[in-house]
1. Just to be sure before I move on: is V554 over 14 Å from A592 (Cβ atoms) and either crowded, with 16+ Cβ neighbours inside 10 Å or at pLDDT below 95 (or both) in the structure I sent?
2. Given the conditions (1) open to solvent by less than 80 Å² (accessible area, probe 1.4 Å); (2) modelled with pLDDT under 85; (3) part of a loop (DSSP other than H, G, I, E, B), which single one is not true for Q178?
3. Tell me, please, whether a residue that is modelled with pLDDT of 80 or more and either farther than 30 Å from A540 by Cα or assigned to a loop (DSSP other than H, G, I, E, B) (or both) can be found in region 738-745.
4. If you scan region 412-428, which residues turn out to be touching a residue at least 40 places away in the same chain (Cβ under 8 Å) and in a loop (DSSP other than H, G, I, E, B)?
5. Sort out which residues of region 337-388 are open to solvent by less than 10 Å² (accessible area, probe 1.4 Å), in a helix (DSSP H, G or I), of a type outside the set (G, A, S) and within 27 Å of M274 (Cα to Cα), and write them in order of number.
6. Could you list all residues from region 50-62 that are closer than 19 Å to T692 by Cβ and either in contact with a Phe, Trp or Tyr (Cβ under 9 Å, 6 or more places away or on another chain) or among the basic types (K, R) (or both)?
7. What are the residues in region 263-280 that are of a type outside the set (A, V, I, L, M), surrounded by 22 or more Cβ atoms within 10 Å (Cβ to Cβ) and in a strand (DSSP E or B), if any?
8. Looking at (1) within 18 Å of S417 (Cα to Cα); (2) in contact with a Lys or Arg (Cβ under 9 Å, 6 or more places away or on another chain); (3) at pLDDT 90 or above; (4) not in a loop (DSSP other than H, G, I, E, B), which is the only condition M601 fails?
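The values are calculated or read from the model by the stated rules, or taken from the named source; none is laboratory data. As the structure is a prediction and not an experimental result, all values here were calculated from the model. Heads up, the Cβs are rebuilt from the backbone with ideal geometry, glycines too, and the neighbour counts pull from every protein chain shown. The accessibility values were calculated without ligands, DNA or RNA, using every heavy atom of the protein model including side chains. Shrake-Rupley method; radii C 1.70, N 1.55, O 1.52, S 1.80 Å.
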Amino acid sequence: MITADLLKISDNQGSSCGDSSRISSGVSTDVSSGACSAENEGSVTSYSMSPGGQRYFIPTCGDLNCIPAKDMVFESLHKAYKFYKNYGQQSGFTVRRSTEKKNGENNIILKHFVCSREGFNDVNDGSCSNVVKRRRTVSQRCGCKAKIVVKYTSLDRFFVLSFVETHNHPLATETGRQFLRANREMSLGLRTLVFGAAKVNIGNSKSFSFAKELMGGYSNVGATLRDFRNLDRDLKCYVGERDGQMMIEKFKVMQETSASFYYAYDVDPAGHLMKLFWADAIGRRNFEIYGDVVSFDATFDTNKYNLIFAPFTGVDKHEKCVTFASCLLSHESVTDYSWAFGHFVKAMGRNPVLIITDQCAAMKVAVPAIFSSINGLVASKHRLCMWHILQKFPVKLGNRLCKETDFMEKMKIYIWSSNIDIDEFERGWEAVIKEFKLEGNKWLADMYEIRSSWIPAFFRDEPMFGLMRTTSRSESENSFFAQFHKQGDTLCEFWLRYQSAMDKQRNETARLDHETNSSIPTCISTWFIEDDAADLFTRAIFYKFQEEIIASCVGMQIKRMSEEVDGVTHLEIRDVKVKDKLFKVSVSLNHAVCSCKKFVMCGILCRHAFCGLKQIGVTKLPRTLVLNRWMKIADSGTSLDSVMVSNDYFKLERVSLTLTNIWFDFREAVNKAGLHSDRLAFVQRTIKQLNTDLDNHGGDVVEFTKRDHMAAMVGDQPSGELTVLVPKSCKNKGNYFKRMVSEREKAVMNSKKRIRKCKKCSALTHDSRTCPKKNEVVMEAAKNAVVTEAAENEVAKNVGP
């Protein structure tokens, strides 16, 4: 009677007992025979009822070969656990390891594998008054007795001693099985996907969505978004306080595998990492070729410690940015910059011809002190970024002068021009200053005092000094690295993303090399010297030469041409695009010199020189006018060996590539099967047979665990005492969250805000809620209401009954 009443109540409440139970018929008070069944989502569920009203659920497994049985024999504990786990995955419950018994030799002779809901959690009875408030949690433990017990035999095998099939809780439905812990696993493929996405700064949510698209649905991913996020959390916990030490250990390994890898670091008295510098073999080789001009600028918010990230940037043969070396510094000080510059010179073996920076006071001191001729090297020339200085003109002189007059237009004629000499610049500067009566402006006077460090007229006689006039190359590099880095990165994560960024940069160079070597650009003129240039130079540089060649044919006017003397011909040429200027050109069969000095400053022959060469019948570009840095073969014959890398170091990359190929091979097989049920069944049978063969191949499989994967990605955890501690959190003026914002930046940000107007009076200083006229309007409305009411009353009296 009690059982029947309970069943009625259950039916009225909509019984949903899971979709993974075998059907049993008949209802009685006997535990062994009493059962109830109900349909849920197209599946049949059943349970047995005890006299006390306790339900017992019997799992249903589609494959009868997956159901455990007493006396079943397994070759190892791992295979027994895997078998029971697979049974639970198909039936709708999760399995975990439990009690075990060992013999005198510490070998397991008895092992329990139980349902994950076995046992009970400790419950706080509330007797303690000082209980710490915790987040709300739930418990899944309900004392389930389902289990399998295996026992060791004399033949090094295990047999099933006991098998309890029934559960005291509903089993997972078909749609809910994907959320079972047993069916949620960050497999090797998923971990590889997450780590690979992290290298290019793709977050966990997008990685999870991408995995869903790859695998055809969320239920096929095998993990949840929380599992993806937990993997990122576990990686940060794995690194923890060992971040600095692991970074140094990784650099040591790289130096062992590549003798050309250079690194240096410095710690404070307490052992915290403060400075880190590195340059790999490819970067050092690139400096040997393209290291005539270097741009240096610091960027911020690339790691959790707020260390300054500063790459040394140059220009390669394709006119693209190339990174020579990089450093992480804790402060923007003379000491830190001097340390970084010193190791840069030590790694590269020479000073750059020119280094360009912004107006940082610390760099102004550190650059001439380190890039000097003290060690017998040729001293570098320090150039300041023109763009940063010109940006200060409106701030220092006012917007009215700079934007509402022609002051800046007249000043830029002398500031930016590379065709005027020093005397012309100084006369032009003085004339503009006098015209606008700025003789007493101290800032302009200070800029004029340091004119030799930023005005192009002072660099016309220096080789390649016109290649960079601003730190725009560094700004471009900072923007490029910002696509990979984010503020919360540990040093190990920073390094992974830095390597990914460098791979992208160098792959782009390889692509441009291939395009240059595998194609021939179209020549426009009929002059053979253009074909010669196409054979010598990279495509980007050839187009610059082509522009000069075409201009020499259509835009030049020869005003005077001398007789040939000792093989040299002198010409005076007028460029139609440059007013009131005659260019003096001296040409021979082997050389050309022009007064515009473009070849000296940029390494590209000017149109005036091309015009002179054409007049004397030159059909092949003189090799004295061909710089190696712009040629297709610029990087051949360098002294540094860039391939001194051990194959073991790239083992993980090869494994990752193999996994990717396997996955795409599988997708191709599924695509070939299409929607044909027989073909899909054949694919499924083949995969199951493959799994069986792998299980039988080589005994127990040694799993590549999550910890092993993290060790392969960021390095092994150092053993023993840490000698390099994590950096302290730094405070630098460039940090976005801590730096002081100028009044100009505040004005720019405020100008982007939406202007709010009062709806009543259109004033900009308040809104309708605080409008001063608000009370006047209310009083006026009240007065009108009183007048109206009085008028109505008067009318009512006059009308009367």
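1. Details: over 14 Å from A592 (Cβ atoms): yes; either crowded, with 16+ Cβ neighbours inside 10 Å or at pLDDT below 95 (or both): yes.
Judged against the criteria, V554 is a match.
2. (3)
3. Taking region 738-745 as the starting set, the residues that turn out to be modelled with pLDDT of 80 or more are none.
Checking region 738-745: not a single residue is modelled with pLDDT of 80 or more and either farther than 30 Å from A540 by Cα or assigned to a loop (DSSP other than H, G, I, E, B) (or both).
4. W416, S417, S418, N419
5. Matches in region 337-388: Y337, F341, F344, M363, V367.
6. So the first thing to find is which residues in region 50-62 are closer than 19 Å to T692 by Cβ, and the list is 61-62.
Hit for region 50-62 is C61, nothing else.
7. Keep residues of region 263-280 that are of a type outside the set (A, V, I, L, M), which gives 263, 265-266, 268-269, 271-272, 275, 277-278, 280.
So of that shortlist, the ones also surrounded by 22 or more Cβ atoms within 10 Å (Cβ to Cβ) come out as 275, 277-278, 280.
K275, F277, W278 - these are the residues of region 263-280 that are of a type outside the set (A, V, I, L, M), surrounded by 22 or more Cβ atoms within 10 Å (Cβ to Cβ) and in a strand (DSSP E or B).
8. Tallying (1) within 18 Å of S417 (Cα to Cα); (2) in contact with a Lys or Arg (Cβ under 9 Å, 6 or more places away or on another chain); (3) at pLDDT 90 or above; (4) not in a loop (DSSP other than H, G, I, E, B), M601 fails exactly one: (3).
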